[in-house]
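Here's the structure, in structure tokens; my notes come after.
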Amino acid sequence: MGLEPKVKEKAFKQMLWVSMISMTMMFAGLTSAYVISTKREDWVNFELPQAFYISTILIVLSSLSYFLAKRSLENRTRTTLFLVITLILGIGFVLFQFKGFSQLIDAGLYFTGEESNVATSFLYVITMAHMVHIFGGIIALVVVLINHLRGKYTPDNKLGLELGLIFWHFVDLLWIYLVMFFIYIN
């Protein structure tokens, strides 16, 4: 005794949208606190690490490859290829985030400690919070890939793939917003 497919699809998509709205509110709060904190006397401006720009390119490309995976669902091999590419690009995003943290440290910009400052502490907190969501997206992507390899998705039955795609696009757009925010607010 399960829900009708259309009712189930609508319910799951609504739950995803509600969770994404709450995540948006969290990041709006964090970035608002950042803006308010720029008025502090001890505020320090900084340049974003180059690795963050590379990670931005990787996440945008990963959204494109995920979109192409959904679009090519009738061709199992192509869908698999695009999902694997998305996973590799997502992992590349995470690796370049860590490289960006390393570049911040090399520039003397720390998260905590005597040499830290409020500006870079905010940067670390906001980017780490985003990475937590990326890890969730990568886990969802692995589940989608496994389900796809098991033959679960068809052009008529693609709810899990669509939910993963919506969330992936969300974290992509969220990162673009954060990068633009740091560029223009700093």
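The values are calculated or read from the model by the stated rules, or taken from the named source; none is laboratory data. Keep in mind that what you see is a predicted model, and the values were worked out from it rather than measured. In this analysis, Cβ positions are derived from the backbone assuming ideal geometry, glycine residues included, and neighbour counts consider all displayed protein chains.
Taking region 100-125, which residues are at negative phi, without any contact (Cβ under 8 Å) to a residue 60 or more places away in the chain and in a loop (DSSP other than H, G, I, E, B)? 110, 111, 112, 114, 115, 116 - these are the residues of region 100-125 that are at negative phi, without any contact (Cβ under 8 Å) to a residue 60 or more places away in the chain and in a loop (DSSP other than H, G, I, E, B).
For residue 46, the criteria (1) under 30 Å from residue 151 (Cβ atoms); (2) modelled with pLDDT under 95 hold in every case but one, which is (1). Taking the condition within 22 Å of residue 23 (Cα to Cα) and in contact (Cβ under 8 Å) with a residue 12 or more places away in the chain, does residue 92 pass? It is false that residue 92 is within 22 Å of residue 23 (Cα to Cα) and in contact (Cβ under 8 Å) with a residue 12 or more places away in the chain. Selection over region 108-146 of residues that are farther than 30 Å from residue 80 by Cβ and either more than 18 Å from the chain's Cα centre (by Cα) or exposed (fewer than 15 other Cβ atoms within 10 Å of the Cβ) (or both) gives a count of 16.
Taking the conditions (1) free of Cβ contacts under 8 Å to residues at least 24 places away in the same chain; (2) in a helix (DSSP H, G or I); (3) of a type outside the set (Ser, Thr, Tyr) in turn, residue 140 satisfies each one other than (1). The single residue among 67, 52, 82 that is of a type outside the set (Gly, Ala, Ser), closer than 30 Å to residue 115 by Cβ and at pLDDT 95 or above turns out to be 52.
Scanning region 66-104 for residues being over 13 Å from the mean Cα position of the chain (by Cα), among the small types (Gly, Ala, Ser), surrounded by 15 or more Cβ atoms within 10 Å (Cβ to Cβ) and closer than 28 Å to residue 124 by Cα gives a total of 1.
Only residues that are outside any helix (DSSP H, G or I) and of a type in the set (A, V, I, L, M, F, W, C) were counted in region 71-99, giving 1.
Taken over region 149-166, residues that are of a type outside the set (Val, Ile, Thr), surrounded by fewer than 20 Cβ atoms within 10 Å (Cβ to Cβ), touching a residue at least 60 places away in the same chain (Cβ under 8 Å) and in a helix (DSSP H, G or I) amount to 4.
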